[in-house]
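Quick notes on the structure that follows.
The values are calculated or read from the model by the stated rules, or taken from the named source; none is laboratory data. If you're wondering where the values come from, they're calculated on a predicted model, not measured in any experiment. Neighbour counts are summed over all protein chains in view; Cβ atoms, including those assigned to glycine, are modelled from backbone coordinates with ideal geometry. Just so you know, the surface numbers come from the protein's heavy atoms only, side chains and all, with ligands and any DNA or RNA stripped out. Shrake-Rupley method; radii C 1.70, N 1.55, O 1.52, S 1.80 Å.
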Amino acid sequence: MTRTGLLQIGQVAERTGLSLRTIRWYEEEGLVVPTSRTEGGFRLYSADDVARLEVIKRMKPLGFALEEMRELLGLLADLDAGTGDRSALLDRLRMFHEAATARVTALREQLAVAEGFADGLAGQLDARG
C-alpha cells in the first residue's frame, strides 16, 4: 500500500483476483477510474475503486452487459451519495436483484444438467471398466 493508503494496480489485482489487463480494460470501458496517479503515471486505487471492481467481478459470471454494470455502479454511487430519487433508485436496485436471482437460478439449472452428464459418464466408465 502507498503512503496515502491507495493501492497500485498490482496490489489491486492481487486483492481482487483480476488480471492487470482486465483492470485496465474496465478502466478503458469507464467502469472504474483510478483515484489518482503517481508522479510517474502509475495508477492508484482507493478502497472505493476496489469495491467497484469487486461488484463488476461478481456481475460478470451472471452475464451482465457492460452497460448494465455501468448502470448498477452509478445507481449504487447515487444511493451512497444520497443523490437522485431514492424511491426510484431502490426500485431499480430491486430490478437488478431480481435479474441476478433469475440468472443464479438459471446457472444452477445448467450446473445440474452438467453434473448429470458427468455422472452419466462416470456410470459409463464403471460399466465398461
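Tabulated data
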read-out: Any hit, the range 37-52, residues being under 20 Å from V104 (Cβ atoms) and of a type in the set (F, W, Y); value: no
read-out: Selection count, the range 78-88, where residues are surrounded by 14 or more Cβ atoms within 10 Å (Cβ to Cβ) and either modelled with pLDDT under 95 or over 20 Å from D48 (Cα atoms) (or both); value: 1
read-out: So L18, is it within 29 Å of T105 (Cα to Cα) and open to solvent by less than 40 Å² (accessible area, probe 1.4 Å); value: yes
read-out: Qualifying residue in the range 38-47 (condition: open to solvent by 20 Å² or more (accessible area, probe 1.4 Å), under 22 Å from D80 (Cα atoms) and of a type in the set (G, A, S)); value: yes
read-out: Unique match (being open to solvent by less than 70 Å² (accessible area, probe 1.4 Å) and assigned to a helix (DSSP H, G or I)) among F96, F64; value: F96
read-out: From L93, L76, L72, L62, residue being more than 22 Å from R15 (Cβ to Cβ), in contact with a helix residue (DSSP H, G or I) (Cβ under 9 Å, 6 or more places away or on another chain) and aliphatic (A, V, I, L, M); value: L93
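Here's the yes/no breakdown for (1) in a helix (DSSP H, G or I); (2) open to solvent by 40 Å² or more (accessible area, probe 1.4 Å); (3) among the charged types (D, E, K, R):
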residue	(1), (2), (3)
V32	no, no, no
R70	yes, yes, yes
L90	yes, yes, no
A100	yes, no, no
A112	yes, yes, no
